[in-house]
Structure formats: C-alpha cells, structure tokens
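Q: Starting off with a structure, shown below.
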Amino acid sequence: MKTLWIISELFPPDETSTAYILGEIANAAAGEYDVRVICGPEVYDARKALDTEHPFRLHPSVRVLRAQGLGIDKNTSMGKARAFAAMSLRLYRLAKRNIGAEDKVLLVTNPAPLVLLMARLRRRRRFELNILVHDVFPENTKPAGLRLPLYGLVKRLFDRAYARADLLIALGRDMAQVLRRKAGPEAKIAVVGNWADTDAVAPVPFPEGPLTLEYAGNIGRVQGLERLVRELPEGCELHFYGTGAMEETLKGMGRPNVFFHGPYFRAQQKEVLGACHIAVVTLSEGMYGLGVPSKAYNILASGRPILYFGPAQGEIALLIREHRVGYIGWPEKWDREELKAMGSRARALAETEYAKPVILEKFLAAIR
C-alpha cells in the first residue's frame, strides 16, 4: 500500500475549516493508502476552547506526527510572519526526516513558506507532490493590505515552486485561472471544490422577527467586512459569529444593529446558520482567484441563501448565478418567500453536487 503524507499546520481536533477538510480527506484516503500526517499543535487559536464532544473521529490507521507549538500572537502582521516561518521550518524538518522517494505527498498551502521548502525537497527526493491550494501566496498579501518586501522576487520563487508540483488542486474555476498563469501552461490542475456537510448541517425553520443577516467564520482582513457593516440597511440586523484580526475594528464602528457572538464549535453550525434569514459570504475585490470561502457550502446545506460581496466572476458568484441560491450584492428589496425558495434550492444543490461523498471521491480521483 502506497504511503500518502498529508502536511498541514491545521489538523483535527482543531476545528478550523482547513483542519476539518484535511481530517476528512485523511479518513477517506485511509482505505487506499497508508496515511500519515505531519501537522501543528492540536489547537491553532488558543482563544478557542477545544470541543471534546465533537463527533469527528480519525481513522485508527492514520498516524499523526505533530510539530511543537509556537506561543506567538498571530493577530499582528509581524507575529503572523514569524509564526509562518517558524512553523514552516518545524513541519519541513519532520517531512525531511520521514518522507521517502516513493511516497505521495498532499501539501496544503498554509503556512505559505512550506510550499517553497517542500518544492525544494521534492527536487532531491523525487516524491509525488500534490498541492491543495487554499490560499495563493504572495498575491493574497495585496488585498489584505500587507506590504511584502521584495514582492516581485518572492512571487517568482513561489511561481517556480508551484510549477514543480505534480498536481495543483484549485478550489474553484477562478483559482484555476490564476494558477495557470502562476505555474505555467504545462502545470496539471484539477478543480475540486469543498463539500457541504449535509449530515451535520440541516435546514431549520426561518426565524421570526427582523430580517437577520449573519456572517460566521474568520473575521479577517481580506473579507471586506467594514463595507458590510457600513452599508447595512435600516431595519436589518447583522450577527457575527467567530473571531479574527478585524473584530475590534468592526466593534469600534458602533453600529447598534450589529452583534458579536464570539467563537462557536463546528458541532453548533446547524443552530448558528439556522438563526438567520440569509448568510453572508464576502471577499475583497482583489481576491479574485486567490481563495474560495468554504463557509458557502455549509450555508447551502443549512437551506439558507447566500448574500455575496466579492469579485463578480469568482467561484461563489458563478455558483449563485447558475443555481439561483442567493444575491450578488444588496438586492433592491427583501422578499421573504423568495429567500425561502432560494434556501430550498440551496439545500437540494448541497445534497446532489456538493455532498461530502461526491466531493471526496472527486478529490481521491484527482490524486490517484
């Protein structure tokens, strides 16, 4: 049985989206491969409690090697850069000691410097390198408002590293276009989106009361959330679930109809998503092809429409247009019956095209 190494800073029991996705991929691959994992500590964000009752269980055959934690505040630009570099080195050292020439590697693009290190190691070891692209670095630093020294040089180094991969897995059609320009015409690219957890997340009746919008997830810099708060129509409520670098900035805007509920467990997604009439997915305009918000798929599973702000030709915008499951930008008016109809279509789409078994099979087929 061939050995498959999954390399990611984030892995269960951590509950970030990346950790959950990689954990499910590990379980799905365990029937075909000897799956081994190189990852970071059990919890990425020390401010969040660990949900010991979460139903996810790792397949008993999967072996996990963890790098030691860092104790660095990742919510500042300098702290995040230091953490990226230090964790990349720790994960790389584990990879260098353990991965053989005949092995298959699945590397996720966080932390970013690890992409450079693993591409370099592949030249010497000749293992098969598959890169699951969740973030496109360094291009994603620009919409985040981060000034990266020697940007041109850094981009050339990363372009070369991406080109050395045997396979690049893009989360959306827009990302595939960006990767084609980045890695060159010879690069092998597969498009495999994220899935909707249709077992754990199911529709509940729409709430009574004022029209409620909800943003659940990372309250970060590349989501363009200040605009959302600033433009919120009168008579609507906006509820935030999660934490992140922009949380205090948004609270400081002082809007009385905006509420912050803090972090939540993945097991609470059904109740959290069911508490709104429409769920918000945002990306700043400069994020075209640089990321696909995984939250959109469980919104579909919850039977709620999506209110999307972001690049007009991005993957989520395409999905909304093709399947009529939400709005791109503010609608002229809110029609609650239309919201319910969109929600019904969203759930049906989640059960057919984006169910977990469907997407996991596409993923395993891509790396075979």
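Q: Which of Arg336, Arg122, Arg164 ends up with the largest GNM mean-square fluctuation for the chain, with Cα atoms connected below 10 Å?
A: Highest fluctuation of the listed residues: Arg336.
Q: Now a separate question. Work out from phi, with θ = phi - 60° and the Karplus expression 6.51 cos²θ - 1.76 cosθ + 1.60, the ³J(HN,Hα) of each residue of the stretch 60-68, listed in order in whole Hz, and give x for Gly and Pro.
A: In residue order, the calculated couplings are x, 7, 6, 9, 10, 10, 10, 7, 5 Hz.
Q: Name the residues whose placed amide hydrogens come within less than 5 Å of the amide hydrogen of Ala216, ignoring near sequence neighbours (fewer than 5 apart) on the same chain.
A: Here the answer is Tyr241, Val280, since their amide H atoms fall under 5 Å of that of Ala216.
Q: Something else: Lys/Arg Cβ at +1, Asp/Glu Cβ at -1, dipole of the chain taken about the Cα centre: which of Thr141, His323, Ala267 is farthest positive-ward?
A: Ranked along the dipole, the leading option is Thr141.
Q: Would you mind putting 343-352, 260-269, 127-136 in packing order, based on average other-beta-carbon counts within 10 Å, highest first? Kindly include the intermediate steps, with their values, before the conclusion.
A: Details: 343-352: 18.9, 260-269: 15.5, 127-136: 22.8.
For the peptides 343-352, 260-269, 127-136, the packing ranking is 127-136, 343-352, 260-269.
Q: Per the Debye formula with a single identical scatterer at each Cα and no solvent contribution, what log10 I(q)/I(0) holds for the stretch 107-171 at q = 0.12, 0.21 Å⁻¹?
A: -0.29, -0.84
Q: Whose amide H sits under 5 Å from the amide H of Ile189, counting only residues 5 or more places off or on another chain, with H placed in the peptide plane?
A: Placed amide hydrogens put Leu168 under 5 Å from Ile189.
Q: Could you give each residue of the stretch 82-98 its phi-based ³J(HN,Hα) in whole Hz, using Karplus coefficients 6.51, -1.76, 1.60 with θ = phi - 60°, and x for Gly or Pro?
A: The phi angles translate into 4, 5, 4, 5, 5, 5, 4, 5, 5, 5, 4, 4, 5, 5, 4, 6, 10 Hz.
Q: HN-Hα J couplings of the stretch 24-31 from phi, Karplus 6.51/-1.76/1.60, θ = phi - 60°, integer Hz, Gly and Pro as x?
A: Each residue of the stretch 24-31 in turn: 5, 5, 4, 5, 5, 7, 4, x Hz.
Q: Taking the Cβ-Cβ separation of Leu146 and Ser344 as r and a Förster radius of 41 Å, what is the calculated FRET efficiency to the nearest 0.05?
A: Numbers: r = 41 Å, r/R0 = 0.99.
My answer for the efficiency is 0.50.
Q: Magnitude of the Cβ-charge dipole of the chain, K/R +1 and D/E -1, about the Cα centre, nearest 20 debye? Don't jump to the answer; show the numbers that get you there.
A: Details: 51 positive and 41 negative charges, 409 e Å.
It comes to approximately 1960 debye.
Q: When the chain is modelled as a GNM with alpha-carbon springs shorter than 10 Å, which of Ser284, Ser61, Ser302 fluctuates the most?
A: Per the Cα network of the chain with a 10 Å cutoff, Ser61 tops the list.
Q: To the nearest Å, what is the center-to-center distance of the stretch 1-41 and the stretch 217-280, using C-alpha atoms only?
A: If we compute the Cα centre of each part, the gap is 30 Å.
Q: Then there is this: Mind pulling the angle between the C-alpha long axis of helix 113-125 and the longest principal axis of the chain? Nearest 10 degrees, somewhere in 0 to 90.
A: The helix 113-125 is inclined about 30 degrees to the chain.
Q: A further question follows. Which ordering of Arg160, Arg368 is given by a fewest-first count of other beta-carbon atoms within 10 Å? Let's see the in-between values first.
A: Details: Arg160 15, Arg368 9.
By the 10 Å Cβ count, ascending, the order reads Arg368, Arg160.
Q: Another question about this same structure. Quick one: go through the stretch 130-153 and flag any residue whose amide nitrogen is under 20 Å from the point 7 Å out along the Cα-to-Cβ line of Leu94.
A: Those under the cut-off are 130-135.
Q: Report the per residue volume, in Å³, of the convex hull enclosing the C-alpha atoms of the chain.
A: Per residue, the Cα convex hull of the chain comes to 132 Å³.
Q: Using modelled backbone amide H atoms (1.01 Å from N, in-plane), which distant-in-sequence or interchain residues come within less than 5 Å of Val108's amide H?
A: Under 5 Å from the amide H of Val108: Ile7, Leu132.
Q: May I pose another question? When N is the residue count of the stretch 240-368, what does its C-alpha Rg come to as a fraction of 2.2 N^0.38 Å? Working shown, then result.
A: Values: Rg = 15.7 Å, N = 129, 2.2 N^0.38 = 13.9 Å.
Computed over Cα atoms of the stretch 240-368, the ratio equals 1.13.
Q: Compute a Gaussian network model of the chain, connecting alpha carbons closer than 10 Å, and tell me which residue from Cys236, Cys39, Cys276 fluctuates the most.
A: Cys236
No value in this document is a laboratory result; all are computed from the given coordinates. Since we're looking at a predicted model, the values are computed, not measured. Note that we place each Cβ from the backbone using ideal geometry, even for glycine, and neighbour counts take in every protein chain shown.
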